[in-house]
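One structure is given here, and the rest of the page talks about it.
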Amino acid sequence: MRGLVYKDVAIFFKGIDKKLILLVIGTNILLMLNTGMYAGLFASIMLAMSVGMQTIMSFAIDEKADWKKYELTMPVSAFYAVAGRYLSVVVTLAVSLLGSALFNLIVAVGFGKFDGVVWGISAAVSILIPMLWTGICLPLTYWFGCRSAQTMGIFAVIPMFYFIKYFEDQAGFSAMVSSLSSILLIASIVTVLVFLLSMGVSTLGYARKR
């Protein structure tokens, strides 16, 4: 399984588009100019969404290369083949988590203020968003192909955009932090359950094609 995890993680990093990096950097600079001390949180959300999208895009590379035909010849069960891919998702969460810490450090130095609550929520969303994203999209990949997963990934951005927009226009960013704090535990439990259930559904989809 370690070889499969290494392969997926390597594809993840190799497939990162330079244009995507520039887009994330540019967006985060704008966030820091417009959201003040909450910029680290919003930058973490943006990076987490980018990591989730990059994960789905890296799995599409396997589909284009017809990796499944080779993988089926390997002495690996359906469970281990799928579990290796999900473990690779967990490994790439380090990118999102470290990026979140870096963004919040820059904001803390820039504004001369450390907010532990914002740091904690930023770290949580940097992990939960990619997990939830792949937890929803990966079963679609195994059952219907990467195109359906990529489409669903695009739709997943919409409720998150409106969630942020609501607090920006109505209650304010401080209220958003309070709201996220109150639902963080429940969101974490739900995300982990979705991720584990997703692995089971993906295993069934993989086994169906063996």
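The values are calculated or read from the model by the stated rules, or taken from the named source; none is laboratory data. For clarity, every value in this text was computed on a predicted model and none was experimentally measured. For neighbour counting, all protein chains shown are included, and Cβ atoms are generated from backbone atoms with ideal geometry for every residue, glycine included. Areas reflect the complete protein model, heavy atoms only, side chains present, ligands, DNA and RNA absent. Shrake-Rupley method; radii C 1.70, N 1.55, O 1.52, S 1.80 Å.
If the condition is being part of a helix (DSSP H, G or I), open to solvent by 70 Å² or more (accessible area, probe 1.4 Å) and free of Cβ contacts under 8 Å to residues at least 12 places away in the same chain, then the range 108-137 contributes only 109. When 105, 98 are screened for being farther than 26 Å from residue 182 by Cβ and either open to solvent by 50 Å² or more (accessible area, probe 1.4 Å) or of a type in the set (S, T, N, Q) (or both), only 98 passes.
May I ask you to verify whether residue 14 is of a type outside the set (A, V, I, L, M), at pLDDT 70 or above and open to solvent by 60 Å² or more (accessible area, probe 1.4 Å)? Against the criterion (of a type outside the set (A, V, I, L, M), at pLDDT 70 or above and open to solvent by 60 Å² or more (accessible area, probe 1.4 Å)), residue 14 qualifies.
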